[in-house]
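Engineer: What follows is a structure written as structure tokens; I'll ask about it next.
Every number in this text was worked out from the coordinates using simple rules, so none of it is lab data. Keep in mind that this is a model prediction, so the values were computed, not measured. Neighbour counts run over all protein chains shown; Cβ positions are idealised from the backbone, glycine included.
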Amino acid sequence: MNKSASSANGREIRVLICDDVDAMRMLLRAVVEQRTGLRVTGEASDGNQAVAEAKRLQPDVILLDLSMPGRTGFDALPEIRQVAPEAKVIVLSGFAASTTEAAVLELGAALFIEKGAHPHVIVSAIEGVAAKRPLVLL
């Protein structure tokens, strides 16, 4: 899984990970950083931090959990889209796609992936949204 990846302009794809569970952030960091051309530039553990870090870092891709303390990913998503308009937001959530996907896409997410997806799916999603390619996730 160590193939090369880069954004449309040929530089590293910068990723912000937003999840309230430390172990999940560590796992996502390991998955992302295994791939050449992907780099985790920051982490956030709640919705307020997610907005602040999105504004400060201006990442290419944001992995956003919906269920976080204080301000949820649902609540933070519209403001994240305002403060980091070029960032592509991938919602990575334990909520079922059937009940959540349409709502987060309407709020501005580029993609919805259920937690538990294979690491290859997550990496492919990051690369795909950063390159503005159509995605087919199995």
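Engineer: Only one of (1) buried (at least 16 other Cβ atoms within 10 Å of the Cβ); (2) closer than 20 Å to K132 by Cβ is not met by E114, so which one is it?
Structural biologist: The number of the failed condition is (2).
Engineer: Within the bounds of region 99-107, is there any residue that is touching a residue at least 40 places away in the same chain (Cβ under 8 Å), under 17 Å from L16 (Cβ atoms), in contact with a helix residue (DSSP H, G or I) (Cβ under 7 Å, 6 or more places away or on another chain) and not in a loop (DSSP other than H, G, I, E, B)?
Structural biologist: The first filter runs over region 99-107 and keeps only residues touching a residue at least 40 places away in the same chain (Cβ under 8 Å), leaving none.
The answer is no; no qualifying residue exists.
Engineer: Taking region 15-56 on its own, how many of its residues are over 24 Å from D75 (Cβ atoms) and in contact with a Ser or Thr (Cβ under 7 Å, 6 or more places away or on another chain)?
Structural biologist: Looking only at that region, the number is 2.
Engineer: While we're here: Which residues, counting only those in region 44-65, are more than 17 Å from E12 (Cα to Cα) and surrounded by fewer than 24 Cβ atoms within 10 Å (Cβ to Cβ)?
Structural biologist: S45, D46, N48, Q49, V51, A52, E53, K55, R56, listed by residue number.
Engineer: Does region 43-60 hold any residues that are within 17 Å of P85 (Cα to Cα) and not in a helix (DSSP H, G or I), and which are they?
Structural biologist: Residues satisfying the conditions are Q58, P59, D60.
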